[in-house]
Structures are given as C-alpha cells and as structure tokens.
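The values are calculated or read from the model by the stated rules, or taken from the named source; none is laboratory data. Source: prediction; values computed, not measured. Every residue, glycine among them, receives a Cβ derived from its backbone with ideal geometry; neighbour counts consider all protein chains shown. In case anyone asks, the SASA skips ligands and DNA or RNA and just uses the protein heavy atoms, side chains included. Shrake-Rupley method; radii C 1.70, N 1.55, O 1.52, S 1.80 Å.
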Amino acid sequence: MCKHILNAQVAIRAPCCKKWFDCAECHAAVSDHNLRKTNEMVFACKKCKKVFRKDMTDYEEEDEFCPHCDNQYVVDAVMPEASIGIETEDIRVDNRVVKDDRLRTKQEQIDSIFKIDGSHMLG
C-alpha cells in the first residue's frame, strides 16, 4: 500500500533492482540508489493482478489501460492530506464529543455566583 499516492492502480517494477513499488517515492524511501530510467516499463495491475510491459517511446492515450482487464491506471493522483479529526465511535451513538453536558441551557444561566445552589456538592 502506497502512502504517497492513495489511488495507485498499478505497481511498477524498478529496472535497477528488479523489485516492485507503487511509486518512485516508495523506491526512494527504501533503496540506497536512484531509480534507473528506461524505455520499457513493467507494470502489475492491482485489479486483475496480471503483469504487462509498455514501451514508453511510443506511449499513446490507449496505453493508459491495462491490456488484460481494461482498468485505467493513469489517473490523477490522490495525495494524503494532513487533517485534524475526532477519533471516536459512531457520532450518532456517542455524541459526547459534540455536546458538552456541563453547558447549561438558556433558562438555567446564572447572573451571579451567589445564586448558585451548591448544597448537593458539599460532603
């Protein structure tokens, strides 16, 4: 699973070390050498799990599809984005992260600290 491109449709066989990677950044992260450029690339389709070769010198628009299952593997890359979210169970079941039980409704708001009944808080 590629952490750089979330919707990678094929794996690429690196011509330099003959190992499979989802993207060039994955190769750079684990290898001590640069990715060697070549005219013929070897791909493995993630949909049908079959391997195929493409000649990059005469690459055309119809070459953007897997020859076995017709899966389009040249798509706009979806990159991971940093975000802050709430980690909780289903919000419809447990809404404590949304509603604070300590907040009072409009009718219960107190104007002065002397109007607070704290008798239930005393030991």
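Report the residue count in region 1-17 for those that are part of a loop (DSSP other than H, G, I, E, B), more than 18 Å from the chain's Cα centre (by Cα) and of a type in the set (A, V, I, L, M, F, W, C). Spell out the reasoning first.
From region 1-17, those part of a loop (DSSP other than H, G, I, E, B) are 1-9, 14-17; that's our starting set.
Within this subset, residues satisfying the condition of being more than 18 Å from the chain's Cα centre (by Cα) are 14-17.
Checking the rest, the ones that are also of a type in the set (A, V, I, L, M, F, W, C) come to 14, 16-17.
Matching residues across region 1-17 total 3.
How about region 18-38: which of its residues are surrounded by 15 or more Cβ atoms within 10 Å (Cβ to Cβ) and more than 22 Å from the chain's Cα centre (by Cα)?
If the condition is that a residue be surrounded by 15 or more Cβ atoms within 10 Å (Cβ to Cβ) and more than 22 Å from the chain's Cα centre (by Cα), then LEU35 is the only one that fits.
Yes or no: ARG13 at pLDDT 90 or above and in contact with an Asp or Glu (Cβ under 8 Å, 6 or more places away or on another chain)?
no
If I ask for residues that are part of a strand (DSSP E or B) and either touching a Gly at 6+ places or on another chain (Cβ under 8 Å) or open to solvent by less than 70 Å² (accessible area, probe 1.4 Å) (or both), which ones from region 39-54 would you list?
The answer is MET41, VAL42, PHE43, ALA44, CYS45, PHE52, LYS54.
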